[in-house]
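These notes concern the structure reproduced below.
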Amino acid sequence: MLTRLYLPLIFGLAGAAVLISLGLWQMQRLSWKEAILADISARISAAPQAIPESPDQVADKYLPVVTKGVITGDEIHVLVSQKQVGAGYRIISAFENNDGRRMMVDRGFVKVDQKQSARPIGQAEVIGNLHWPQETGGSIPEPDLKAEIWFARDVTAMADFLNAEPILIVARSTSLSDDPVEPLPVDTAGIPNDHLQYALTWFSLAAIWVIMTLTFLWRARGAQKGIS
């Protein structure tokens with residue numbers, strides 16, 4: 001009688017082992033991702049330095065920089081949404097530093113009704129991080145140039161539009177006084193880290209699998225006793 005229960009028992013144990021191994025793998029991935037995020041956080045918060053002559057999009061991503069120059073009135077408005085605030089725009093301004101280079105500064109966020117408001121421009125010190133955000137894709141519309149609305153930060157396209165180098169400084173702060181633009185500094189909040197959730201899902205499935213297996217075996221044993 002018991003020999004008929006061996007196959008479902010083995011099947012149940014094998015399924016549980018697979019699900020548990022997937023959960024353990026996700027825990028390993030979680031440790032790996034947390035180490036990466038810690039490294040990025042350390043890079044973001046390091047002491048700012050001069051902008052490299054030819055920044056590399058990989059090696060210099062998140063590099064803290066400080067530079068002085070002129071924030072011009074040439075702008076791009078990127079439609080975004082802020083939690084507990086709502087829709088608004090990132091203000092991307094052309095910036096001409098004291099070395100004669102023209103690049104871009106992501107000054108931060110303004111509400112929808114502030115899109116056309118006057119903003120201070122002129123000589124300023126900018127402290128921030130170099131960034132090449134990956135925000136474009138098939139579902140992202142092309143910029144509406146007539147309405148002066150962009151839907152993603154495409155560094156190359158924005159640089160072409162502003163006649164600047166493809167260098168974007170996401171400002172932590174500027175020395176402009178009475179600037180209504182709220183800085184949106186680079187951080188790790190936008191980098192997904194769902195491995196703990198995935199691990200808990202696999203472990204939960206393993207527990208359910210074990211319960212279902214035990215229930216099946218208990219009922220099957222009871223049925224066999226009834227027959228005998």
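The values are calculated or read from the model by the stated rules, or taken from the named source; none is laboratory data. Keep in mind that this is a model prediction, so the values were computed, not measured. Cβ sites come from the backbone with ideal geometry, for glycine too, and all protein chains shown count toward neighbours. The area values use the complete protein model at the heavy-atom level, side chains included, leaving out ligands, DNA and RNA. Shrake-Rupley method; radii C 1.70, N 1.55, O 1.52, S 1.80 Å.
Looking at (1) closer than 30 Å to Ile169 by Cβ; (2) free of Cβ contacts under 8 Å to residues at least 40 places away in the same chain; (3) not aromatic (Phe, Trp, Tyr), can you tell me which one Gln28 breaks?
Looking at each condition in turn, Gln28 falls short on (1).
So that you can scan it fast, the table gives a plain yes or no per residue for (1) without any contact (Cβ under 8 Å) to a residue 24 or more places away in the chain; (2) of a type in the set (S, T, N, Q); (3) closer than 26 Å to Ser177 by Cα; (4) out of contact with any Asp or Glu (no Cβ under 9 Å at 6 or more places or on another chain):
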| position | (1), (2), (3), (4) |
| --- | --- |
| Glu96 | no, no, yes, yes |
| Gly100 | yes, no, yes, yes |
| Val126 | no, no, yes, yes |
| Pro141 | yes, no, no, yes |
| Asp154 | yes, no, no, no |
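Which of the residues that make up region 148-184 are open to solvent by 60 Å² or more (accessible area, probe 1.4 Å), more than 17 Å from Pro55 (Cα to Cα) and in a loop (DSSP other than H, G, I, E, B)?
Glu148, Phe151, Asn163, Ser175, Ser177, Asp178, Pro180
Looking only at region 21-39, filter to residues that are surrounded by fewer than 16 Cβ atoms within 10 Å (Cβ to Cβ) and within 16 Å of the chain's Cα centre (by Cα); which one of those is nearest to Ala207 (Cα to Cα)?
This residue is Glu34.
Anything in region 43-86 that is of a type outside the set (Lys, Arg) and assigned to a helix (DSSP H, G or I)? List them, or say none.
At the first step, the residues of region 43-86 found to be of a type outside the set (Lys, Arg) are 44-60, 62-67, 69-82, 84-86.
Hit for region 43-86 is Ile44, nothing else.
If I ask for residues that are touching a helix residue (DSSP H, G or I) at 6+ places or on another chain (Cβ under 9 Å) and either without any contact (Cβ under 8 Å) to a residue 40 or more places away in the chain or not in a loop (DSSP other than H, G, I, E, B) (or both), which ones from region 128-139 would you list?
If the condition is that a residue be touching a helix residue (DSSP H, G or I) at 6+ places or on another chain (Cβ under 9 Å) and either without any contact (Cβ under 8 Å) to a residue 40 or more places away in the chain or not in a loop (DSSP other than H, G, I, E, B) (or both), then Asn129, Pro133, Thr136 are the ones that fit.
Would you check which residues across region 173-184 are in contact with a strand residue (DSSP E or B) (Cβ under 7 Å, 6 or more places away or on another chain) and in contact (Cβ under 8 Å) with a residue 60 or more places away in the chain and list them?
Thr174, Leu176, Pro180, Val181, Glu182, Pro183, Leu184
Does Lys68 satisfy the criteria of being open to solvent by 50 Å² or more (accessible area, probe 1.4 Å) and at pLDDT 95 or above?
Against the criterion (open to solvent by 50 Å² or more (accessible area, probe 1.4 Å) and at pLDDT 95 or above), Lys68 qualifies.
Based on what the data block shows, is Ile211 over 20 Å from Val85 (Cβ atoms), loosely packed, with under 14 Cβ neighbours inside 10 Å and hydrophobic (A, V, I, L, M, F, W, C)?
Judged against the criteria, Ile211 is a match.
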